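Student: Just passing along the structure, written as C-alpha cells.
The values are calculated or read from the model by the stated rules, or taken from the named source; none is laboratory data. Note that the structure is predicted; figures quoted are calculated from it, not measured. With ideal geometry, Cβ positions are generated from the backbone for all residues, glycine too; neighbour counts draw on all protein chains shown.
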Amino acid sequence: MGRTRNVALAATIAELGLSQSRLAARVKSVAEEHGVEELAGVGQSHIAKWVSGVVPAPPAARILAETLSRGLSRPVTLADIGLTPDTEPEPQAWSEDTLTTLVTLGSTDMHIDRRQLLATSVYSVAALALPEDQWFEQATERAKARRPLSNYLVTTQDVEDVREMAALFSRRDQKRGGRAGRTALVAYLRSDVAELLSSRFPTEDIRRGMTAAAAELAYLAGWTAFDGGEHPLAQRWLTTATKLAEEAGDAPLAGHVLRAMAHQAVDLGKPQEAVRLAEASLSSRRYAQACWRERSLLGVVHARGLAAAGQKKAAIAALLQAERDLGRAGEADDEPNRVFFFGEASLAHETAAALRDLGDLQGAEKQFSRSVKTRRAQFARTHSVTLGYLGAVQAQQGHLDIACDTWGQALDAMTGVHSGRAKETVIQMRRALSPFRNRAGSQAADLDARAHAMLRAGWHVP
C-alpha cells in the first residue's frame, strides 16, 4: 500500500509561498539554532518525502513546525501539518480517578517510548477547561470514599517524610533546573507515594496531609516538565496536582498549581487561557486562605496574563496589588515550603516580564536588573534566565554592547543548569545576534559562537 500524501503539510507550505528547497534551508537554519545536528543535511528531498507521507522523526517535526510558524507569523502545531500521531493520548479527563491517573501518568513518564509519544503530542487548550464548581466542592468527599488497597496504616511520620522529599526536590529544581533529579522525583511519586495514598488513614487530618504532600510532588513533576519544555506532560501532571490539592481540601495549594498552569499558558502564547486560569487561582478560598507571600505570587502571574492579553490598566493594578501583598509578608508568618523561593527578586522578574509584554522596555529593564541584584545564589536557574531576558530587552532598545555583556553573564550562570527555559534564552539570544554573526572578532560574533558551541555540545539541557 502506498503512502498517503500529507495534504495539510502541503497546504501550509503553499500558504508560506516558499519552494521546498528554500524551506529546507530555513529548517536547517532553525535546527542549527536549536543545536539539532541530525538536521544538518536536510534538503529539498526531505521536504518532498514529508509531503508525500513520510513521517519525520520527532525532532524534525518540531523544527519544521517552528520554521513554518516563524514564516507565517502565527503558531503552527503538529496537528496543523498532519503530524500528530494517531496514537496521541487523549486529554486527561477531570472525572478520572486521581490515584489511577497518578499511577498511569507516572508509568508513562518513566517509560521512554510512551513519554516520547506524549512529548510529541499537542499542548491541549481544550484540556485547560476547568470543571464546574460542584466538582471542586465534592472532591474531598470523593477522596474520603475511596477504598484502600492496602492494610498499611499511614502515620504522621510518613506525611513528614513525603513533605521533606518535596522540599528537597523543590530546592534542587530552583538551583539546577527541572531536569536535575526529575527521574528520581517521578519514580518516588509513582511508587512510594502512590502506595501510601492507597493505604489506610487513621484520621482525616492524616489523609489530608498525605494527599496535600502528594499534590506538591505532582506539582513539582509538572513544573519540572514545564521547565524542561515537555509541555503536554507538564499539563497532565499539573492537572493531577490540582485534583490532589482539592481532595486534600487545601485551597491555597490548588491555587498555587493553577497559577503554574497560567504561567505555562502565558509562555506558550495562550493569554486568554492564562487569564482564566489565573482568575481561578485567585478565586474564593484559594487567595483568601493563602499567606501574603503566596497571594503576591498568584497576583503577579495574573498580571502577566493580563499583560499578555493587552489589558494594560488591569495588569498594572494587579502588579501594584502583588507588590502590596509581598510587602505584608513577614518572618513570623506561617508559610508553606512551596513559596520559599518567592521574594523581591522573583516579584521583580515577573513584573519585568509583564512590563515587557506591555511594551515598556525601560521599565522591564529596570525590574530585570533589580531581580538580578537581589536574587540569592541558590536560585541559579532563574538567575540565568533573568539575565537572558535582561539582555534581550537591552538589545531591543538598541544597546547591543550592553546586551552582549549581560548575555555573557547569562552563559556563565548557566554552568550546571539543566533547564529547557534556560536553553530557550540561548536560542533567542542567537536569534537576536544573527545579523552580527559575520563580523569576525566582534563581541557579538564571539558571543554567538560561544552560545552555538554550547548548543552543539548538547549543553546541560534536554
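Student: It is to be established whether one or more residues within segment 431-441 are part of a helix (DSSP H, G or I), closer than 20 Å to Arg70 by Cβ and in contact with a Ser or Thr (Cβ under 7 Å, 6 or more places away or on another chain). So that I can check it myself, show each step before the final result.
Tutor: The initial filter retains those residues of segment 431-441 that are part of a helix (DSSP H, G or I), namely 431-436.
So of that shortlist, the ones also closer than 20 Å to Arg70 by Cβ come out as 431-436.
Those left that are additionally in contact with a Ser or Thr (Cβ under 7 Å, 6 or more places away or on another chain): 436.
Looking for residues that are part of a helix (DSSP H, G or I), closer than 20 Å to Arg70 by Cβ and in contact with a Ser or Thr (Cβ under 7 Å, 6 or more places away or on another chain), one finds at least one in segment 431-441, hence yes.
Student: Please give the number of the condition Pro56 fails out of (1) surrounded by 15 or more Cβ atoms within 10 Å (Cβ to Cβ); (2) touching a Ser or Thr at 6+ places or on another chain (Cβ under 6 Å).
Tutor: (2)
Student: Taking the stated definitions as given, is Leu433 within 21 Å of Leu361 (Cα to Cα) and touching a Cys at 6+ places or on another chain (Cβ under 9 Å)? Please lay out each step first, then the result.
Tutor: Numbers: within 21 Å of Leu361 (Cα to Cα): yes; touching a Cys at 6+ places or on another chain (Cβ under 9 Å): yes.
So Leu433 fits the description; yes.
Student: Out of (1) free of Cβ contacts under 8 Å to residues at least 60 places away in the same chain; (2) closer than 23 Å to Gln174 by Cα; (3) crowded, with 23+ Cβ neighbours inside 10 Å, what's the single condition that is false for Arg381?
Tutor: Against the list (1) free of Cβ contacts under 8 Å to residues at least 60 places away in the same chain; (2) closer than 23 Å to Gln174 by Cα; (3) crowded, with 23+ Cβ neighbours inside 10 Å, Arg381 comes up short only on (1).
Student: For the structure I just gave you, tell me whether Asp173 is of a type in the set (D, E, K, R) and either assigned to a loop (DSSP other than H, G, I, E, B) or at pLDDT below 95 (or both). It would help to see each step written out before you state the result.
Tutor: Details: of a type in the set (D, E, K, R): yes; either assigned to a loop (DSSP other than H, G, I, E, B) or at pLDDT below 95 (or both): yes.
Yes: the conditions hold for Asp173.
Student: Going residue by residue through segment 125-146, is there one that turns out to be of a type in the set (Gly, Ala, Ser), at pLDDT 90 or above and in contact with a strand residue (DSSP E or B) (Cβ under 9 Å, 6 or more places away or on another chain)?
Tutor: no
Student: Let me ask something additional. Just for helices (runs of 4 or more DSSP H) wholly inside segment 306-390: which have at least 2 residues that are of a type outside the set (Lys, Arg) and farther than 26 Å from Gln272 by Cα? Show your work before the answer.
Tutor: On the way: elements: 312-327, 344-357, 361-374.
The qualifying helices (runs of 4 or more DSSP H) are 344-357, 361-374.
Student: Please go through (1) closer than 28 Å to Lys270 by Cβ; (2) crowded, with 24+ Cβ neighbours inside 10 Å for Thr406 and return the number of the only condition it doesn't satisfy.
Tutor: Here Thr406 meets the rest and fails (1).
Student: Determine whether Thr242 is closer than 26 Å to Ser419 by Cβ, among the polar types (S, T, N, Q) and out of contact with any His (no Cβ under 8 Å at 6 or more places or on another chain).
Tutor: Numbers: closer than 26 Å to Ser419 by Cβ: yes; among the polar types (S, T, N, Q): yes; out of contact with any His (no Cβ under 8 Å at 6 or more places or on another chain): yes.
Yes.
Student: For segment 289-306, check the following and say yes or no: at least one residue is at pLDDT below 95 and within 20 Å of Thr140 (Cβ to Cβ). If you could, list the steps in order and put the result at the bottom.
Tutor: Going through segment 289-306, the residues at pLDDT below 95 turn out to be none.
Scanning segment 289-306 turns up no residue that is at pLDDT below 95 and within 20 Å of Thr140 (Cβ to Cβ).
Student: With (1) out of contact with any Leu (no Cβ under 7 Å at 6 or more places or on another chain); (2) at pLDDT 80 or above; (3) under 29 Å from Ala449 (Cα atoms) as the list, and Val54 as the residue in question, which single condition is left unmet?
Tutor: All conditions pass for Val54, except number (3).
Student: If we keep just the residues of segment 16-26 that are in contact with a helix residue (DSSP H, G or I) (Cβ under 6 Å, 6 or more places away or on another chain) and at pLDDT 90 or above, which is nearest to His452 (Cα to Cα)?
Tutor: If we filter segment 16-26 for residues that are in contact with a helix residue (DSSP H, G or I) (Cβ under 6 Å, 6 or more places away or on another chain), which is where we start, we get 16, 20-21, 23-24, 26.
Applying the additional criterion that residues be at pLDDT 90 or above yields 20-21, 23-24, 26.
Numbers: Gln20: 26, Ser21: 24, Leu23: 22, Ala24: 20, Arg26: 17 Å.
Checked segment 16-26; the qualifying residue nearest to His452 (Cα to Cα) is Arg26.
Student: Answer yes or no: is there a residue in segment 198-206 that is modelled with pLDDT of 90 or more and crowded, with 20+ Cβ neighbours inside 10 Å.
Tutor: Looking only at segment 198-206, we keep the residues that are modelled with pLDDT of 90 or more, and these are 198-206.
Filter once more, keeping what is crowded, with 20+ Cβ neighbours inside 10 Å: 201.
Yes - at least one qualifying residue is present in segment 198-206.
Student: Based on this model, can you work out whether Glu279 counts as over 15 Å from the mean Cα position of the chain (by Cα) and without any contact (Cβ under 8 Å) to a residue 24 or more places away in the chain?
Tutor: Values: over 15 Å from the mean Cα position of the chain (by Cα): yes; without any contact (Cβ under 8 Å) to a residue 24 or more places away in the chain: yes.
In short, yes.
Student: If you don't mind, another one. When residues of segment 398-424 are filtered for being in contact with a Ser or Thr (Cβ under 6 Å, 6 or more places away or on another chain), modelled with pLDDT of 85 or more and not in a helix (DSSP H, G or I), how many remain?
Tutor: The first filter runs over segment 398-424 and keeps only residues in contact with a Ser or Thr (Cβ under 6 Å, 6 or more places away or on another chain), leaving 410, 413-414, 417, 422.
Still in the list and also modelled with pLDDT of 85 or more: 410, 413-414, 422.
Checking which are not in a helix (DSSP H, G or I) leaves us with 414.
Here the count works out to 1.
Student: Can you say whether Arg114 is at pLDDT 85 or above and either surrounded by 13 or more Cβ atoms within 10 Å (Cβ to Cβ) or among the hydroxyl-bearing types (Ser, Thr, Tyr) (or both), as far as the supplied structure shows?
Tutor: Values: at pLDDT 85 or above: no; either surrounded by 13 or more Cβ atoms within 10 Å (Cβ to Cβ) or among the hydroxyl-bearing types (Ser, Thr, Tyr) (or both): yes.
So Arg114 fails the test.
Student: Cβ-Cβ distance below 7 Å, separation of 6 or more or different chains: which pairs start in segment 179-196 with a residue that is crowded, with 22+ Cβ neighbours inside 10 Å and modelled with pLDDT of 90 or more and end on one that is assigned to a helix (DSSP H, G or I) and not hydrophobic (A, V, I, L, M, F, W, C)?
Tutor: Listed by first residue and then by second, the contacts come to Leu185/Thr224; Val186/Gly106; Val186/Asp109; Leu189/Gly106.
Student: Six or more apart or on different chains, Cβ under 6 Å: which pairs go from a residue in segment 394-413 that's without any contact (Cβ under 8 Å) to a residue 12 or more places away in the chain to one that's buried (at least 21 other Cβ atoms within 10 Å of the Cβ) and outside any loop (DSSP other than H, G, I, E, B)? Could you list them?
Tutor: Ile402/Gln394
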